[in-house]
Amino acid sequence: MAASGWIMGKVKAVPSGDTLVIMGSAKADMLPPEKSITLSSVIAPRLASRHGTDEPFAWDSREFLRKLCIGQVKEQRQKGETSPYVTELLRLEEIARDQGLGCWSKEPGAVKASIRILPSSTIGEANPSGTKGFVTEMRGNALEAIVEQVRDGSTIRVHLIPSFSFVQVYIAGVQAPSMGRRLPSAVAQKEVASNGKASREAQAPPTLEALQKPVASAVRIILEGTDSFDNMFASVYGLDA
């Protein structure tokens with residue numbers, strides 16, 4: 001941490017319009033540390049959890065921040081210090097109110113259109129033939145998705161667009177070493193060391209690829225099949241591929 005009270009890390013995830021997950025650097029044989037932070041003096045609309053309904057413009061807010069910050073190196077001020085941008089934020093909020101921007105939009109239907117209603121069931125539950133039936137029906141079709149997590153070098157967790165179904169996808173034709181879990185101190189270090197350098201290196205390329213560009217976590221997936229445990233396998237492409 002710098003003497004000024006700021007710390008630096010890469011934005012790994014954006015859970016909501018006012019929250020970031022920052023990933024620091026790590027020494028050899030250790031998982032990089034992560035910290036969830038809430039932006040000072042900002043309150044974004046709440047995203048729904050599973051089977052719920054968003055507050056208006058919650059997804060738009062999250063997507064704006066994700067495209068702005070994902071994969072970028074950011075500095076973070078420690079808790080307890082007042083944001084130096086409060087006056088400017090209040091001024092911009094007043095302008096947005098006056099001009100009917102964002103959550104103050106006066107455009108007919110804008111508020112309703114901004115609200116996601118998440119699926120009441122999983123893909124497997126919604127399809128009469130289960131996950132296998134869904135994959136059979138959609139095999140070969142390009143599905144737009146947003147990568148929310150790179151679990152390891154061959155597994156990603158995504159939101160399918162526009163249904164917002166949250167699924168885990170295994171990349172077809174790829175098998176990567178297992179990553180260590182984030183366990184306390186010496187236990188975590190020992191487990192990561194036992195998994196070996198290969199697991200971290202296997203995770204690094206897809207993680208960087210998914211986070212490198214402002215909108216790179218938006219991908220196309222083409223479903224290829226399932227295994228006996230109903231795990232979905234797919235080819236994954238960038239939107240510009």
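Filtered by the rule that a residue be over 17 Å from the mean Cα position of the chain (by Cα) and closer than 20 Å to residue 88 by Cβ, region 40-64 gives 40, 41, 42, 43.
When restricted to residues that are surrounded by 15 or more Cβ atoms within 10 Å (Cβ to Cβ), touching a strand residue (DSSP E or B) at 6+ places or on another chain (Cβ under 7 Å) and more than 24 Å from residue 62 (Cβ to Cβ), region 131-168 contains 5. Looking at 45, 56, just one residue is surrounded by 14 or more Cβ atoms within 10 Å (Cβ to Cβ), modelled with pLDDT of 90 or more, in contact with a Gly (Cβ under 7 Å, 6 or more places away or on another chain) and of a type outside the set (S, T, N, Q), and that residue is 45.
Summed over region 68-100, the residues that are of a type in the set (Lys, Arg) and either in contact with an Asp or Glu (Cβ under 6 Å, 6 or more places away or on another chain) or at pLDDT below 90 (or both) give a count of 3. Among the residues of region 96-124, those identified as under 16 Å from residue 48 (Cβ atoms) and hydroxyl-bearing (Ser, Thr, Tyr) are 114, 120, 121, 122.
When region 114-160 is filtered for residues that are closer than 24 Å to residue 178 by Cβ, without any contact (Cβ under 8 Å) to a residue 60 or more places away in the chain and of a type in the set (Gly, Ala, Ser), the ones remaining, listed by number, are 153, 154.
The values are calculated or read from the model by the stated rules, or taken from the named source; none is laboratory data. A quick note: this is a predicted structure, and the numbers were derived from the prediction, not measured. Please note: Cβ atoms are built from the backbone with ideal geometry, for glycine as well, and neighbour counts cover all protein chains shown.
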